[in-house]
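Worksheet: the structure to be examined is printed underneath.
The values are calculated or read from the model by the stated rules, or taken from the named source; none is laboratory data. Just so it is clear, the structure is predicted and the values come from calculations on it, not from any experiment. No Cβ is skipped: glycine too gets one built from the backbone with ideal geometry, and neighbour counts run over all protein chains shown. For the accessible areas, the whole protein counts, side chains as well, though only heavy atoms, and no ligand, DNA or RNA atoms are used. Shrake-Rupley method; radii C 1.70, N 1.55, O 1.52, S 1.80 Å.
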Amino acid sequence: MTSKTITKTYDFYANADFSAYAGQWIIIKDEKVIFHGKNLKEIVEEFKKKYPLAIPFIAKVPSSKNILW
């Protein structure tokens, strides 16, 4: 993952609406959520099987209970 790719992915993460994934872990690749779920270990294993040489961008989407206003 190059610094340009990381910046682009982070910008996508910072500005996208992930409310459909509230309380879940997500893995983003090419400006898309490619895996999501409550069990981080499981989605990382799925990612590694499909993209063995890639570095995942992983984030936990806060539930509505955890968002500070």
Margin query: Quick check on region 25-39. Is at least one of its residues modelled with pLDDT of 95 or more, open to solvent by 80 Å² or more (accessible area, probe 1.4 Å), farther than 21 Å from SER3 by Cβ and assigned to a strand (DSSP E or B)?
Written below: yes
Check: Limited to region 19-43, what total is found for residues that are of a type in the set (A, V, I, L, M) and either under 21 Å from LYS8 (Cα atoms) or over 13 Å from the mean Cα position of the chain (by Cα) (or both)?
Finding: 5
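Residue by residue through region 40-51, note down the ones that are farther than 23 Å from PRO62 by Cβ and either in a helix (DSSP H, G or I) or basic (Lys, Arg) (or both). Steps first, answer last, please.
Filtering region 40-51 for residues farther than 23 Å from PRO62 by Cβ gives 45, 48-51.
GLU45, LYS48, LYS49, LYS50, listed by residue number.
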